[in-house]
1. Rounded, prolate or oblate for segment 35-152? Axes are the square roots of the Cα gyration tensor eigenvalues, ordered a ≥ b ≥ c, and the cut-off for rounded is a/c under 1.5.
2. Hey, what did segment 35-152 get for relative contact order, percent, Cα under 8 Å, at least 6 apart?
3. Calculated FRET efficiency, residue 245 and residue 101, Cβ-Cβ r, R0 35 Å, to nearest 0.05?
4. If packing is taken as the average count of other Cβ atoms within 10 Å, what order do 162-169, 51-58 fall into, highest mean first?
5. Can you give the FRET efficiency to the nearest 0.05 for residue 91 and residue 139, using r as the Cβ-Cβ distance and R₀ = 35 Å?
6. Can you tell me how much longer the chain between residue 44 and residue 130 gets when fully stretched, taken as 0.36 nm per residue apart minus their C-alpha distance, in nm with one decimal?
7. Could you calculate the contour length gain from residue 116 to residue 232, that is, 0.36 nm times the residue separation minus the distance between their Cα atoms, to one decimal place in nm?
């Protein structure tokens, strides 16, 4: 894949749902905790990041300046943030410090100019988790994002296991006793989120917030439909209903 550099500006900011997702259709089609915020003021580069992340199965929100990003970061639930440091209105370093001071522990991957070692140091010292220098290859961005999300959820390896169920985030494939399980994009997102948080009760509201982008209507009742479908495909006992609280998956790592 070609390196991605800063490009000529387009005319609009992206705040849209990611494209359709086909589990198992390629190495770049990755989805784990689903929801990512992209903060980049270069319109063409922002669009390219949103498209690549959407193609990897993430639900993506985007912001073109630090003010909008701060609002989204403080009011929405994200599983990771890709953050350019040179932003209008509020710069990236200030955003990182604000979010960390506010107790937001979301993994942050900063984008820096190649050779700007001082930006990398300042970003990490301010609370960012990793960085990618521009121009970059999209494969590297996706790989670093996967690593950040794994560390944030305590996953040491690439595959997630719950008993006889195995989910490989790199290929977006799910197997049960070695047999491939065909899932829709939303079924995959629900299952991936529950498996990343196995052993913990996850509410319907939390699930709906993480499987849809910010600009879509979120109906927690549809989560019940996805859970019912998943139980038919991966086993009814795999996903436990905790009455009045939500759902939980158990199983070995």
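None of the figures in this text is laboratory data; all of them are computed from the coordinates on show. The structure presented is a predicted model; accordingly, all values stated were derived computationally and were not measured. Here the Cβ is made from the backbone with ideal geometry for all residues, glycine too, and neighbour counts use every protein chain on show.
1. rounded
2. Value for segment 35-152: 23 percent.
3. Efficiency, from the Cβ-Cβ distance: 0.70.
4. Those peptides, ordered most packed to least, come out 51-58, 162-169.
5. 0.80
6. Result for the pair: 28.7 nm of gain on full extension.
7. 36.6 nm
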